[in-house]
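Shown next, in C-alpha cells, is the structure this report addresses.
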Amino acid sequence: MRTHAWLTVGLGLVLVTLAGCNGPGGKMPVVFEADFEDGSLNAWQATDPAAWRIEDARGGKVLALHKQSDYKPEVRSPVNINLIKDVVVGSFELELQMHSTTRDYGHRDMCLFFGHQDPSHFYYVHIANQSDPHANSIFIVNGEPRISIAKTRTEGTKWDENWHAVRLVRDVEEGTIEVFFDDAAEPIMTAVDHNFKWGKVGVGSFDDTGQFDEICLKGLQK
C-alpha cells in the first residue's frame with residue numbers, strides 16, 4: 001500500500017509519511033486493507049453498486065462514490081453506504097484517506113459506518129462543515145430515524161479540495177468512539193454507547209459524493 005499523503009499546512013501542501021497497515025503501533029491485527037490498485041470491488045457490499053467505481057487519483061486508483069445511490073432506507077439514515085463484505089469486528093481502529101468531491105455547503109459530508117447489523121441497526125460518523133442536530137456528529141440508527149449520540153464534537157469539520165486523513169477508534173468494552181481528523185491530537189468528536197458490540201464497517205456519505213483510499217482496518221473479528 002502507498003504510505004504517504006498530502007496534508008494542508010498553512011497555505012501549502014506537505015507530503016507526510018503514514019504508518020499504514022504495515023507500520024508500527026496498535027494492539028489489534030490487520031483484518032482488512034485496500035488501496036484499490038487491483039481495480040476490484042469484490043470485497044465491497046454497497047446499497048447501490050452502480051453509484052460506486054474505481055477512479056484514477058493520487059497517483060493511483062481510489063474508490064469513488066460518483067453519484068447518489070438509488071436506495072431508500074426504512075428509517076431516516078444515509079443512503080450512500082459501502083460495507084466491507086466479509087469482515088465483522090468488535091473493537092477496531094480504522095484509518096483511511098478521504099476526499100469530498102461535492103459542492104461546498106453546510107452539510108457537505110462524508111461518512112464512516114460501523115457496528116452495522118442490518119440496514120436499520122448501525123452507527124455512523126457524519127463529518128460535515130457545520131454542526132447541528134443532524135450534521136458533524138456520531139449517530140446511531142436503532143430501528144428508528146438516526147439520533148446523535150456525540151458526547152463531544154467540534155463546531156464543524158471543513159472539507160475542501162484536498163485529501164484528509166481520518167481515524168475512527170471503537171472500544172466495545174468501554175463503549176467509546178473517537179474520531180480523529182488529519183494530524184489533530186484531540187478527537188473531533190467522541191461518544192460512549194453500548195448498543196452494538198460488533199458489526200460490519202464501511203464508507204460513504206449521507207447524500208454527497210467523495211473518494212476513499214488507503215483503507216486500513218485493524219480489529220478483533222467476531
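The values are calculated or read from the model by the stated rules, or taken from the named source; none is laboratory data. Predicted model only: the values in this text are computed from it and were never measured. Neighbour counts are summed over all protein chains in view; Cβ atoms, including those assigned to glycine, are modelled from backbone coordinates with ideal geometry. To get the accessible areas, we keep the full protein, side chains included, count just its heavy atoms, and leave off ligands, DNA and RNA. Shrake-Rupley method; radii C 1.70, N 1.55, O 1.52, S 1.80 Å.
Key figures for this structure:
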| read-out | value |
| --- | --- |
| Cα shape, region 126-183, gyration tensor, a/c 1.5 rule | oblate |
| Nitroxide proxy distance, nm - points 7 Å out along Cα→Cβ at ASP183 and ASP56 | 3.1 |
| Fluctuation leader among GLY90, GLY59, GLY156 - the chain, Gaussian network, Cα springs under 10 angstrom | GLY59 |
| Free-standing Cys, the chain [no other Cys Cβ under 4.7 Å] | CYS111 |
| For the chain: relative contact order, % (alpha-carbon pairs under 8 angstrom, 6 or more apart) | 29 |
| Region 96-222, relative contact order in percent, only Cα pairs under 8 angstrom and at least six apart counted | 32 |
| List ARG53, ARG170, ARG103, ordered by accessible area with a 1.4 Å probe, largest first | ARG103, ARG53, ARG170 |
| Residue among LYS27, LYS151, LYS85 with the largest mean-square fluctuation in a Gaussian network model of the chain, springs linking Cα atoms under 10 Å | LYS27 |
| Exposure of GLU55 as accessible area (Å², to 10), given a probe of 1.4 Å and all protein chains | 40 |
| Rounded, prolate or oblate (a/c below 1.5 giving rounded, otherwise prolate when a/b exceeds b/c) for the chain by Cα gyration tensor | rounded |
| Check: region 104-164 dipole with +1 on Lys, Arg Cβ and -1 on Asp, Glu Cβ, in debye | 200 |
| Net dipole in debye of region 80-185 [+1 Lys, Arg Cβ; -1 Asp, Glu Cβ; about Cα centre; nearest 20] | 260 |
| nm² value of the averaged projected area, convex hull over the Cα atoms of region 45-88 | 4.1 |
| Charge dipole of the chain about the Cα centre (unit charges at C-beta), most positive-ward option of LEU83, VAL166, PHE36 | LEU83 |
| For region 158-222 and region 31-49, distance of Cα centres in Å | 17 |
| Radius 10 Å from Cβ of ILE54, net charge of other residues (Lys, Arg +1; Asp, Glu -1) | -2 |
| Additional length obtainable on full extension of the chain from ASN162 to ASP118, 0.36 nm per residue less Cα span | 12.6 nm |
| Descending semi-axes in Å of region 18-106, equivalent ellipsoid built from Cα gyration tensor | 24, 18, 14 |
| Solvent-accessible area of ARG76 with every protein chain in place, 1.4 Å probe, in Å² to the nearest 10 | 130 |
